[in-house]
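Beneath this line is the structure, given in structure tokens, with notes to follow.
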Amino acid sequence: MGGDFTQAQDPFDLFAQWFEDAKASEPNDPDAMALATVDADGLPDVRMVLLKEASPRGFVFYTNAESAKGRELAAAMKAAVVMHWKSLRRQVRLRGAVEPVSEAEADAYFASRARDSRIGAWASQQSRPLESRFALEKAVAKYALKYAVGEIPRPSYWTGYRIVPTQIEFWSDGAFRLHDRVVFRRTDAAAPWTRERLYP
């Protein structure tokens with residue numbers, strides 16, 4: 001993206017431009033993002049997930065709702081994300097409320113996944129103790145046999161979440177650590193954005 005991004009008026013438009021740049025330049029997983037949640041004790045937890053949709057409605061990812069992240073999201077319904085693109089020396093941070101996607105959205109995305117990935121969603125009891133690799137392979141074989149013919153339905157526990165941000169920060173590397181930072185804030189999803197430049 002050319003020009004001075006610090007003058008951008010809409011964070012979703014700016015994100016879309018940066019994301020396209022990342023898809024053209026990042027060698028691996030430009031859609032990877034670190035998702036932060038907190039557990040029942042308030043201890044932060046973070047892991048990598050893949051961004052599957054970005055629009056003014058929010059930022060969507062999919063997971064097992066019975067996983068650690070799913071349980072933490074259900075308890076707090078808030079999350080934070082950072083996306084870092086080394087090839088561009090840029091990052092985007094955002095945080096806000098979390099809402100589940102609709103059943104129709106989850107069904108449509110699940111149906112678009114590779115068949116083996118859909119089998120894996122049935123076989124994996126994500127985040128729970130696994131006695132051996134063999135136990136996982138056995139579960140995969142079981143569900144591959146069960147769904148050998150026809151469509152593979154979406155497990156009820158496999159769904160998507162949409163982060164509806166109230167804050168989005170754009171960071172671009174600068175010489176001598178004089179980075180450019182701009183943060184957009186709003187009080188809720190219906191409120192207008194304010195824009196502020198930050199010291200690096």
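Quick look at the numbers
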read-out	value
Table column - 3J(HN,Hα) (Hz), the range 92-97, Karplus curve with 6.51, -1.76, 1.60, x for Gly and Pro	10, 10, 8, 8, x, 6
The chain: relative contact order as a whole-number percent, Cα under 8 Å and 6+ apart	21
The chain: most fluctuating residue of Ala139, Ala32, Ala175 per GNM, C-alpha cutoff 10 Å	Ala175
Sum of -39500 (n - 2.57) over DSSP H runs of 4+, divided by residues of the chain (222 nm, nearest 500)	-8500 deg cm²/dmol
Greater than 29 Å apart at Cα, pairs in Lys69/Lys138; Lys86/Lys138; Lys52/Lys78; Lys52/Lys86; Lys78/Lys138; Lys69/Lys142	Lys86/Lys138; Lys78/Lys138
Compactness of the chain as Cα Rg over 2.2 N^0.38 Å, two decimals	1.15
Neighbour net charge for Val101 - beta-carbon separation under 14 angstrom, K R +1, D E -1	-1
Sequence ranges 38-46, 176-184, ranked by mean other-Cβ count within 10 angstrom, highest first	176-184, 38-46
FRET efficiency estimate (nearest 0.05) - Cβ-Cβ, Ala148 to Ser55, R0 30 angstrom	0.25
Mean Cβ count within 10 Å, highest first, over the residues of peptides 106-112, 121-127	121-127, 106-112
Translational diffusion of the range 98-164, µm² s⁻¹ [Kirkwood Rh, Cα pairs; Stokes-Einstein; 10 °C; 1.306 mPa s]	122
For Lys138, Lys78, order by how many other beta-carbon atoms lie within 10 Å, fewest first	Lys138, Lys78
Efficiency of FRET from Cβ geometry, Asp39 and Ala141, R₀ 35 Å, rounded to 0.05	0.60
Extension gain, Tyr157 back to Lys23 (0.36 nm per residue minus Cα-Cα distance, nm)	45.2 nm
Two-site label geometry, Arg177 and Leu130: point separation in nm, points 7 Å out along Cα→Cβ	4.0
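We did not get these values from a lab; they are worked out from the coordinates using the rules stated. Source: prediction; values computed, not measured. Positions of Cβ are generated from backbone atoms using ideal geometry, with glycine treated the same way; all protein chains shown enter the neighbour counts.
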